[in-house]
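Reading through the structure tokens given below for one structure.
The values are calculated or read from the model by the stated rules, or taken from the named source; none is laboratory data. A quick note: this is a predicted structure, and the numbers were derived from the prediction, not measured. Cβ placement follows ideal geometry from the backbone for every residue including glycine, while neighbour counts extend to all protein chains displayed.
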């Protein structure tokens, strides 16, 4: 997967390539045969959500330009795979998920794989994680329709960088790269993508002991 789908398509960061070699992607995809979880495409994880294709995961991670001492906010835990990748690259990862079933499953998988630096919360991703802000990097793995949520902009540290898909429909989405420089937000469009929408309803109950870490 790494050699043919990722490195061959221009991803060069050795830390990302190594992390994707060692993280067992099949552990994060519940409804697919293990050997099929390494294909070049998105896969269903339940509740109408998907895990992104490996190349897009690597591409967005490389765009994020992470450093080992960074604290990263992820919006959309999903399967937990992207959080695992970020946790391998960074100091701390804070990940918010609105669908309880995904948050529970991701927590178990990450704990089973002994990731100690991932903190999970059930909630509306548009709100971010204010009591842990500011963040050096923010990665949003679902598409906002019209604008970047204000709370996420507010939680981005000075010199920070945020990557998210933005667009009204699945056919009009673009990755947007945001940077905070001298308290101004600079936005730049990148490649066209297709992501599930940022869910803003359907929050389901999660036992209190699992609500945060």
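Quick look at the numbers
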{"read-out": "Within the range 40-67, tally of residues that are closer than 13 Å to residue 13 by Cα and in a loop (DSSP other than H, G, I, E, B)", "value": "3"}
{"read-out": "From the options 125, 80, residue that is in contact with a helix residue (DSSP H, G or I) (Cβ under 6 Å, 6 or more places away or on another chain), buried (at least 19 other Cβ atoms within 10 Å of the Cβ) and under 19 Å from residue 195 (Cβ atoms)", "value": "80"}
{"read-out": "Condition check for residue 41: more than 12 Å from the chain's Cα centre (by Cα), free of Cβ contacts under 8 Å to residues at least 60 places away in the same chain and farther than 22 Å from residue 111 by Cα", "value": "yes"}
{"read-out": "Index of the failed condition, residue 170 passing every other in (1) within 25 Å of residue 101 (Cβ to Cβ); (2) assigned to a strand (DSSP E or B)", "value": "(2)"}
{"read-out": "So residue 176, is it without any contact (Cβ under 8 Å) to a residue 40 or more places away in the chain and either surrounded by 22 or more Cβ atoms within 10 Å (Cβ to Cβ) or in contact with a strand residue (DSSP E or B) (Cβ under 9 Å, 6 or more places away or on another chain) (or both)", "value": "yes"}
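Conditions tested, residue by residue: (1) farther than 24 Å from residue 49 by Cα; (2) surrounded by 13 or more Cβ atoms within 10 Å (Cβ to Cβ); (3) modelled with pLDDT of 95 or more.
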| position | (1), (2), (3) |
| --- | --- |
| 96 | no, yes, yes |
| 130 | yes, no, yes |
| 139 | no, yes, yes |
| 191 | no, no, no |
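Per-residue answers, yes or no, for (1) over 13 Å from residue 76 (Cβ atoms); (2) at pLDDT below 85:
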residue: 143; (1), (2): no, no
residue: 148; (1), (2): yes, no
residue: 161; (1), (2): yes, no
residue: 165; (1), (2): no, no
residue: 177; (1), (2): yes, no
residue: 181; (1), (2): yes, no
residue: 187; (1), (2): yes, no
residue: 199; (1), (2): no, yes
